[in-house]
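The structure under discussion appears below in the form of structure tokens.
The values are calculated or read from the model by the stated rules, or taken from the named source; none is laboratory data. Treat the numbers as computed from the prediction; the structure is a model and nothing was measured. Heads up, the Cβs are rebuilt from the backbone with ideal geometry, glycines too, and the neighbour counts pull from every protein chain shown.
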Amino acid sequence: MNGRIHVLDEAVINRIAAGEVVERPASVVKELVENALDAGADSIAIDIEMGGTKLMRIRDNGCGMGRDDAFLAVERHATSKLITEKDLTGIATMGFRGEALASTASVSRMRLVTADGIEDEGTELLIEGGVFRKAGGIGAGKGTLIEVRNLFFNVPVRRKFLKSPQVEAGHVHDIILKIALAFPHVAFLFREDEKTRLDAPPAQTALDRILRMYPQELSGNLVTVAHEAGRARIDGYVARPPYSRSNLRSVLTFINGRPVRDRLVNAAVVKAFSNLTERGRYPFAVLFIHTPPEDVDVNVHPQKTEVRFVNPELIHNLALNGVCKAVTGAAFHPVEGSESRHVWNAAPGSNRAGGFPREVASEGAWIPTSDDPGPRTVQYDGQEETQPTLHTRGVFSSLQIVGTAPGSFIVLHDGADLVVLDHHAAHERILFEDLRRARKDASQGQDLLWPTVLELGRVEADRLAGRLPTLESCGFKMEKFGERDFVVRGAPSWLGDVDMKEWFTGLVDEMVESGAPADPQTEEDRFLKAVACRAAVKETTHLTHEEIRSLLDNLDRVGSIDVCPHGRPITVRYSMEEIRRKMGRSRGAG
Ligand code: ADP
Ligand code: MG
């Protein structure tokens, strides 16, 4: 039987496409703002009402359109950005499918006013549910204005899926923030129900824009990311711990200027922070990944918010090492192989002073805050090499010593803040980093006078047996005998004076409590954290200035990380300003 199959008419096709491209107000705003950017605008104003469901208005000062093009623009698959199929492998514009305007017009009441500054007058089009209602000339300056009213007025099903105006407005805000970060030179004004939500004047760099858009609490903690692998490059900024956020939306990723959500990059960032944040906390990061266009396919997602890389592993490692270097001054340390082999001398904070080798961290210079023009100043323009000024000066080692306080606290100051440092947490971080980096160097094991025998339960014995190689590489000399017994013959000098039996029993209990072994990397890290925690000083009785100095130097040496491996802060700051206020001393008064 013939005649059952027919070609869908244009209006139906458009609405089907709209189902993919136009999910919610934020997706419309994204498309329209991207169009404005593609049109070369350097000033874009966005207004929304009722979360965008009632109205979205985008005005730009880009190239505009002549009359014929304006009519074409709202046709499906009409685009000025692609000509042949070949162009798909090297897309330099944000849009390329010629779908957004037609799709949006088919599910809303759209008004388009545009002028190219060449023709005598501008053009105004009114389209309702994909049907032309009015077309004509209008006086207008160069640029384009698009109003989208009553989104999904003709698709009640879709309307039902929309969330509250506040939630929809939040999504719109998120996407505008992201785009504004990627295009610092463009001015953005975003108003929600006539209230200004973002007013970003043109900025020189992404950093200037971030500093303007985010609170000082965050911007004061940013370090630069700059790393290369193969033909790909990553740069951007990441906030150092303990600054953290409650979800992964705080990791903002851009591939060749396009805001995307990328599982690979997210996973890499989470991994990079695995020993820096508490569970369930996430870093803030703005990451710009640049690859040759042919190494990434941007044409895989209807809203272009996901991409596919030709070499996913390369990108994962690029992000992982880039972020690790920025935050800890060193690339990621995998389970296998250790990059540096330095000699263990003394446990920082023990009664022997320093002697650790100096490794100069290369990247991750701090971003100066506006009122802190000191020697940390780093000029960033995305191209220049980052100056490692910070680490040569040292965040921790530049602090002035005040003294010690009960509870294993060390009191310091930096002129502006009083800094209270947790000796245990600091020691834990140093041990952990050194264990991870240098654990292959077992030369520091010292024979015990009396070998200790450990008799463990079956589960405990199994778990410990699995970590024997690690323990050996950390400087322990021990072996298993029988079903569940171990003999410890030697221990690393940094362990200090401990009751071996008690120490191991506690460690093994902790291993068992922390549940089943995870992936090898996590398992190893967890174990080393437990070792570091148990080996770190518990109580500080007496510390000389030299010992405190050595501790601070060592903190800088392992990457100036201000959290213990469990993510708890090493220092807490009290501003002198606040103290003065509490003292009832106003500025200037004595
Ligand atoms: P695409 O961006 O994929 O080409 P759109 O449907 O978003 O598809 O837009 C269709 C065409 O309309 C664009 O290729 C562009 O030529 C033109 N256009 C859309 N918005 C604007 C604008 N704000 N300024 C100038 N031209 C525009
Ligand atoms: Mg477009």
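Some notes on this structure:
- Test for Ala187: is it in contact (Cβ under 8 Å) with a residue 12 or more places away in the chain, in contact with a Phe, Trp or Tyr (Cβ under 7 Å, 6 or more places away or on another chain), more than 28 Å from Glu10 (Cα to Cα) and of a type in the set (Gly, Ala, Ser): no
- Once segment 128-145 is narrowed to residues that are within 42 Å of the chain's Cα centre (by Cα) and assigned to a strand (DSSP E or B), the residue that is farthest from ligand 2 (Cβ to nearest atom) is Glu128.
- Candidate set: segment 2-16, residues that are of a type outside the set (Gly, Ala, Ser) and surrounded by fewer than 10 Cβ atoms within 10 Å (Cβ to Cβ); chosen: the one farthest from Ser108 (Cα to Cα): Asn2
- Failed item, numbered, when Gly19 is tested on (1) surrounded by fewer than 21 Cβ atoms within 10 Å (Cβ to Cβ); (2) within 26 Å of Leu162 (Cα to Cα); (3) within 35 Å of the chain's Cα centre (by Cα); (4) at pLDDT 80 or above: (4)
- Residue among Arg209, Arg191, Arg245, Arg249 that is touching a helix residue (DSSP H, G or I) at 6+ places or on another chain (Cβ under 8 Å) and either surrounded by fewer than 20 Cβ atoms within 10 Å (Cβ to Cβ) or within 30 Å of His566 (Cβ to Cβ) (or both): Arg249
- Segment 86-112 residues that are farther than 18 Å from Ile255 by Cα, paired with ones that are among the basic types (Lys, Arg) and more than 8 Å from ligand 2 (Cβ to nearest atom) (beta carbon under 6 Å, 6 or more apart): Ala102/Arg76; Ser106/Arg15; Arg109/Arg149
- Filter pass, Ser27 being of a type in the set (Ser, Thr, Tyr), within 14 Å of ligand 2 (Cβ to nearest atom) and not in a loop (DSSP other than H, G, I, E, B): yes
- Residues in segment 534-558 that are under 21 Å from Pro241 (Cα atoms) and surrounded by fewer than 21 Cβ atoms within 10 Å (Cβ to Cβ): Asp553 alone.
- Filter result (more than 16 Å from ligand 2 (Cβ to nearest atom) and either assigned to a helix (DSSP H, G or I) or in contact with a Ser or Thr (Cβ under 7 Å, 6 or more places away or on another chain) (or both)) within segment 30-70: Met50, Gly51, Gly52, Asn61, Arg67, Asp68
- Pairs are defined by a Cβ separation below 6 Å, a sequence spacing of at least 6 or placement on different chains, a first member in segment 56-85 that is free of Cβ contacts under 8 Å to residues at least 40 places away in the same chain and more than 9 Å from ligand 1 (Cβ to nearest atom), and a second member that is hydrophobic (A, V, I, L, M, F, W, C) and assigned to a helix (DSSP H, G or I); no pair meets this definition.
- Any chance Met50 is within 11 Å of ligand 1 (Cβ to nearest atom), at pLDDT 95 or above and farther than 24 Å from His301 by Cβ: no
- Residue in segment 387-421 that is modelled with the highest pLDDT, counting only those that are crowded, with 20+ Cβ neighbours inside 10 Å and not aliphatic (A, V, I, L, M): Phe396
- With respect to the conditions (1) over 23 Å from Glu20 (Cβ atoms); (2) in contact with a Gly (Cβ under 9 Å, 6 or more places away or on another chain); (3) within 14 Å of ligand 1 (Cβ to nearest atom); (4) in a strand (DSSP E or B), Val148 falls short on a single one, namely (1).
- Members of segment 86-99 found to be of a type in the set (D, E, K, R) and either closer than 15 Å to Ile146 by Cα or within 7 Å of ligand 1 (Cβ to nearest atom) (or both), listed by number: Arg97, Glu99
- Filter result for Arg15 (more than 14 Å from ligand 2 (Cβ to nearest atom) and assigned to a helix (DSSP H, G or I)): yes
- Yes/no for Ser27 being away from ligand 1 (no atom under 11 Å from the Cβ), surrounded by 15 or more Cβ atoms within 10 Å (Cβ to Cβ) and under 15 Å from Pro302 (Cα atoms): yes
- Inter-residue pairs, beta-carbon under 9 Å, first hydroxyl-bearing (Ser, Thr, Tyr) and in segment 36-50, second away from ligand 2 (no atom under 13 Å from the Cβ), 6+ apart: Ser43/Arg59; Ser43/Asn61; Ser43/Gly143; Ser43/Val186; Ser43/Ala187; Ser43/Phe188; Ser43/Leu189; Ser43/Pro202
- Look at segment 199-216: where a residue is assigned to a strand (DSSP E or B) and a partner is surrounded by 15 or more Cβ atoms within 10 Å (Cβ to Cβ) and among the aromatic types (Phe, Trp, Tyr), sitting 6+ places away or on another chain with Cβ atoms under 6 Å, you get Ala200/Phe188.
- Inspection of segment 150-165 finds no residue satisfying the criterion of being crowded, with 16+ Cβ neighbours inside 10 Å and of a type in the set (Ser, Thr, Tyr).
- Taking the criterion of being in contact with a Pro (Cβ under 8 Å, 6 or more places away or on another chain) and under 22 Å from Pro283 (Cα atoms), the residues of segment 185-211 that qualify are Thr205, Ala206, Asp208, Arg209.
- Tally, over segment 481-502, of residues that are part of a helix (DSSP H, G or I) and farther than 20 Å from Arg429 by Cβ: 3
- When restricted to residues that are touching a strand residue (DSSP E or B) at 6+ places or on another chain (Cβ under 8 Å), in a loop (DSSP other than H, G, I, E, B) and over 26 Å from Gly475 (Cα atoms), segment 544-567 contains 1.
- Residue in segment 120-127 that is over 30 Å from Asp193 (Cα atoms), surrounded by fewer than 20 Cβ atoms within 10 Å (Cβ to Cβ) and within 13 Å of ligand 2 (Cβ to nearest atom) present: no
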